[in-house]
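Some notes on the structure that comes next.
The values are calculated or read from the model by the stated rules, or taken from the named source; none is laboratory data. Because the structure is predicted, anything quoted here is derived from the model rather than measured. Cβ placement follows ideal geometry from the backbone for every residue including glycine, while neighbour counts extend to all protein chains displayed. Ligands, DNA and RNA are excluded from the accessible area calculation, which covers all protein heavy atoms including side chains. Shrake-Rupley method; radii C 1.70, N 1.55, O 1.52, S 1.80 Å.
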Amino acid sequence: MSPFDRKEAQVRALLEGPHPTVPAGLAAAAAAHGRRMLRRRRALRRFGWTVLCAAALAFAVWAALTHPWVTPPADVSPPLEGW
């Protein structure tokens, strides 16, 4: 008998045997857990979008005030040559 056949026979014996009893409040507990998990995911998603929008707004305000795309004026003039 190969190991695969032995494992298959063990699984068939488990499936044909008496089934264990299910706790009374298992379905209600699973549904409550699922609701909590969905509520937590939804809150995290909202928080993430809020942080992303706040960062984009802060960047836009900073860029509008400082104009980072403009080159700053030179503080030192070039040397004079050919006098």
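Working only within the stretch 11-32, note down all residues that are open to solvent by 100 Å² or more (accessible area, probe 1.4 Å) and not hydrophobic (A, V, I, L, M, F, W, C). Within the stretch 11-32, Arg12, Glu16, Pro18, His19, Pro20, Thr21 meet the criteria.
For the stretch 54-71, a residue qualifies if it is assigned to a helix (DSSP H, G or I) and either open to solvent by 80 Å² or more (accessible area, probe 1.4 Å) or in contact (Cβ under 8 Å) with a residue 40 or more places away in the chain (or both), and the qualifying residues are Leu57, Phe59, Trp62, Leu65.
The one condition from (1) open to solvent by 100 Å² or more (accessible area, probe 1.4 Å); (2) part of a loop (DSSP other than H, G, I, E, B); (3) modelled with pLDDT of 85 or more; (4) of a type in the set (A, V, I, L, M) that Val76 does not meet is (3).
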